[in-house]
């Protein structure tokens with residue numbers, strides 16, 4: 001089963017990001033644009049796991065240390081991975097709240113690692129919301145700065161979700177396996 005833990009973007013905020021995604025989809029056919037219901041901050045991508053491991057993760061998420069106050073956050077422009085050259089991933093940058101999201105990520109990884117989950121990260125955790133993946137489109141230099149949108153909205157992150165990701169021809173579909181509500 002393909003699973004990941006994430007912090008979903010509230011529904012009231014997906015409309016603005018959807019405008020950007022629609023623009024990208026129309027202008028750049030080679031981009032795989034994320035569906036509105038799939039917008040989230042990825043905490044940890046586990047990949048394919050056997051069912052017994054998924055059940056263990058669900059059980060670990062009952063740990064009370066993962067319940068915390070809601071996180072006030074804000075969008076702040078766009079970014080790309082890798083940071084130079086033709087991007088493979090386009091994302092919405094998170095400004096306000098990034099320290100709290102990073103602290104939650106560290107708490108989450110600290111909880112799961114002793115149980116055999118979560119290899120040491122090979123790169124720094126960067127809180128972001130992926131909006132598109134690029135496999136074959138040649139994009140203009142300094143692409144994120146050229147987007148004709150301003151995203152600087154505030155929103156509240158109110159939960160952490162363990163998702164199952166099912167790959168379909170129309171893109172990934174997510175099913176919530178376990179949800180932790182923040183207070």
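A short reminder: the numbers here are calculations on the coordinates, not readings from a lab. Model, not experiment: these values are computed from the prediction. Because the Cβ atoms are built from the backbone with ideal geometry, glycine has one as well, and the counts that use them run over all protein chains shown.
Looking at 179, 168, 130, 156, which is the one that is free of Cβ contacts under 8 Å to residues at least 40 places away in the same chain and surrounded by 12 or more Cβ atoms within 10 Å (Cβ to Cβ)?
179
Every condition in (1) without any contact (Cβ under 8 Å) to a residue 60 or more places away in the chain; (2) within 16 Å of the chain's Cα centre (by Cα) holds for residue 86 except the one numbered (2).
What tally of residues in the range 16-36 results from selecting those that are touching a residue at least 12 places away in the same chain (Cβ under 8 Å) and out of contact with any strand residue (DSSP E or B) (no Cβ under 7 Å at 6 or more places or on another chain)? Residues that pass the stated criteria total 7.
Would it be correct to say that residue 99 is closer than 25 Å to residue 13 by Cα and without any contact (Cβ under 8 Å) to a residue 24 or more places away in the chain? In short, yes.
Of the set (1) in contact with a helix residue (DSSP H, G or I) (Cβ under 6 Å, 6 or more places away or on another chain); (2) outside any helix (DSSP H, G or I), all apply to residue 14 but (2). For the range 50-80, a residue qualifies if it is crowded, with 17+ Cβ neighbours inside 10 Å and either free of Cβ contacts under 8 Å to residues at least 60 places away in the same chain or under 30 Å from residue 148 (Cβ atoms) (or both), and the qualifying residues are 60, 71, 73, 75, 78, 79, 80.
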